[in-house]
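All remarks here apply to the structure that follows.
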Amino acid sequence: MQGQMHPEERDLIHRTVLDDNPTVVVECGTWYGGGSTLAAARALHAQARGRLHTWEIDPQKMSRAVSAYAEECPEL
């Protein structure tokens with residue numbers, strides 16, 4: 001899944017969600033879903049609670065992200 005972040009940035013988001021243990025994470029700018037979106041979603045899944053709300057202004061990019069999650073990581 002394509003993403004726009006360096007591995008260190010993804011790790012920071014993942015660790016922050018795990019450490020803060022939120023029930024809601026909000027993100028603006030999904031792109032293809034493989035960067036910050038995936039890092040936050042995996043952290044929420046690891047803590048077995050919470051919901052990620054993410055928006056993408058480009059409907060084609062959002063559609064591609066939704067399809068990628070359904071195919072590559074339906075558990076999220």
- Item | Computed over the chain: relative contact order in percent, which uses C-alpha pairs under 8 Å that are six or more apart | 36 percent
- Message: For a quick check of understanding: with a 1.4 angstrom probe and all protein chains in place, what accessible area in square angstrom does Y69 have, to the nearest ten?
- Response: 40 Å²
- Query: Which one of A40, A48, A65 has the biggest mean-square fluctuation once the chain is modelled by GNM with Cα springs under 10 Å?
  - Reply: A48
- Task: Return P(r) of the stretch 1-41 (all Cα-Cα pairs; 5 Å bins starting at 0; whole %; ordered from short to long distances).
- Result: 6, 27, 34, 23, 10, 1
- Direction-averaged shadow area of the convex hull around the Cα atoms of the chain, nm²? 4.4 nm²
- Rounded to the nearest 10, the angle in degrees between the Cα long axis of helix 7-20 and the longest principal axis of the Cα atoms of the chain comes to 50 degrees
- Message: Between 0 and 90 degrees, rounded to the nearest ten: what's the tilt of helix 59-72 against the longest Cα principal axis of the chain?
- Response: 60 degrees
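The values are calculated or read from the model by the stated rules, or taken from the named source; none is laboratory data. Predicted model, so just to flag it, every value in this text is computed and none were measured. In case anyone asks, the SASA skips ligands and DNA or RNA and just uses the protein heavy atoms, side chains included. Shrake-Rupley method; radii C 1.70, N 1.55, O 1.52, S 1.80 Å.
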